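Okay, so here's the structure we're looking at.
Since every read-out is calculated from the coordinates, none of them should be taken as a lab result. Keep in mind the model is a prediction, meaning the values are calculated, not measured. Note: ideal-geometry Cβ built from the backbone for every residue, glycine included; neighbour counts use all protein chains shown.
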């Protein structure tokens, strides 16, 4: 772990009781959903993590029980370090407080997570779908969403696919 | 289509008139700019000087659907773009033809997922499919010439609605 990160990790562990995971040069800190806004404010104001470089989510169904991990990748330009915060969230009715008051860029990132995973963010000013068209049912990047909607076409199943395909009328 | 509805089957006069009308239609068929993705580059290069499409009547590409006869759907069509494509197709005046250029427009291409139509024929009726990823400009010109052959084979009695 980077020398500059150690006091920051210690401060996070004392204040929030979070666990730690390291993978090569990356440091992942697990935070609970209720604590995330406070943790982001602490990191932004006191430890100079000005930039929320990435905000995404991972679906670990069916292997792990808190199914989604919402991942916040923070970087500090002044100190040249990066840190990753992970928030494990349950599968049914996933809700996380919004990070838009802390970082403005989180606005569209949270809309993307709502669209792709179905994770709701409480207090978000504009919660609507951003990538898929309106009226889409389901959330495409979940592991139980079907991968494609048409099977690959070979000569033996061409007629079946042809009969079922919704061709356009004039 | 006034010409087709007024005449009917008058024998030799109809045949010569059909030839003349189809020759006029293929002589100056203007495509509509509908380059969506990578196939658009090959469409642009087919229109440019080395593989000139103006030799075949496609002097220029109109951006407005009201002034074009042929829609070359070049590239992948996503579910969000589908209604836009259909609206532009409906705004084109008859007679109109559609070329599905490339693998993504013909059958979904390499993308078999939640966001891309598996073939643009789910949105608009297609006349000619051009395969390739992307198709070479010569392949696109071959597709255009196939549309021309289709147009030259059109008869009035197939087109007259009443």
Mind giving me the nanometre distance, one decimal, between the label points for residue A:142 and residue B:63, set 7 Å out from Cα along Cα→Cβ? 4.2
For residues of A:126-137, the mean tally of beta carbons on other chains within 10 Å: 2
Given a Förster radius of 56 Å and the C-beta distance between residue B:111 and residue A:14 as r, what FRET efficiency does 1/(1 + (r/R0)^6) yield to the nearest 0.05? 0.70
Given the C-alpha centroids of segment A:58-84 and segment B:52-106, what is the distance between them in whole angstrom? 44
For B:106-113, what's the mean count of beta carbons from other chains sitting within 10 Å of each residue's beta carbon? 3
Across A:151, A:134, A:22, the residue with the highest GNM fluctuation in chain A (Cα network, 10 Å cutoff) is A:151
Label point distance in nm, residue A:157-residue B:91, each placed 7 Å from Cα along Cα→Cβ: 3.9
Please list the radius of gyration and Dmax for segment A:84-134, considering alpha-carbon atoms only, with Å as the unit. 10.7, 32
Between residue A:48 and residue A:34, what length in nm is gained on full extension when 0.36 nm per residue of separation is reduced by their alpha carbon distance? 2.8 nm
For chain A, just say rounded, prolate or oblate: build the C-alpha gyration tensor, square-root its eigenvalues into a ≥ b ≥ c, call rounded for a/c under 1.5, and beyond that prolate if a/b exceeds b/c, oblate if not. prolate
Which ordering of A:60, A:103 is given by a fewest-first count of other beta-carbon atoms within 10 Å? A:60, A:103
For segment B:42-109, what does the alpha-carbon gyration tensor say about shape, rounded, prolate or oblate, given a ≥ b ≥ c as the root eigenvalues, a/c under 1.5 as rounded, and a/b over b/c as prolate? oblate
Treating the angle as unsigned and between 0 and 90°, give the value, to the nearest 10°, between the Cα long axis of helix B:137-152 and the longest Cα principal axis of chain B. 30
Taking only Cα atoms, what is the 0 to 90° angle, nearest 10, from helix B:12-27's long axis to the longest principal axis of chain B? 30
Mean residue ellipticity (222 nm) of the protein assembly as shown, computed from DSSP H runs ≥ 4 via -39,500 (n - 2.57), nearest 500: -9000 deg cm²/dmol
DSSP bridge pairs, the protein assembly as shown: antiparallel proportion in percent, nearest 5: 55
Any idea what angle helix A:36-45 forms with the longest principal axis of chain A, computed on alpha-carbon atoms, 0 to 90 degrees, nearest 10? 50
Compactness check, the protein assembly as shown: C-alpha Rg relative to the 2.2 N^0.38 Å globular estimate gives 1.41
Kindly identify segment A:52-122 as rounded, prolate or oblate by the Cα gyration tensor criterion: order the square roots of the eigenvalues as a ≥ b ≥ c, call it rounded if a/c is under 1.5, otherwise compare a/b with b/c, prolate if a/b is larger, else oblate. oblate
Residue B:80 versus residue A:64, label points 7 Å from Cα toward the beta carbon: distance in nm? 2.9
If you restrict to DSSP beta bridges whose two residues both lie in segment B:62-162, what percentage is antiparallel, to the nearest 5? 10
Square roots of five times the Cα gyration tensor eigenvalues for chain B, Å: 29, 18, 13
Apply 1/(1 + (r/R0)^6) to the Cβ-Cβ distance of residue A:104 and residue A:78, taking R0 = 22 Å, and write down the FRET efficiency to the nearest 0.05. 0.70
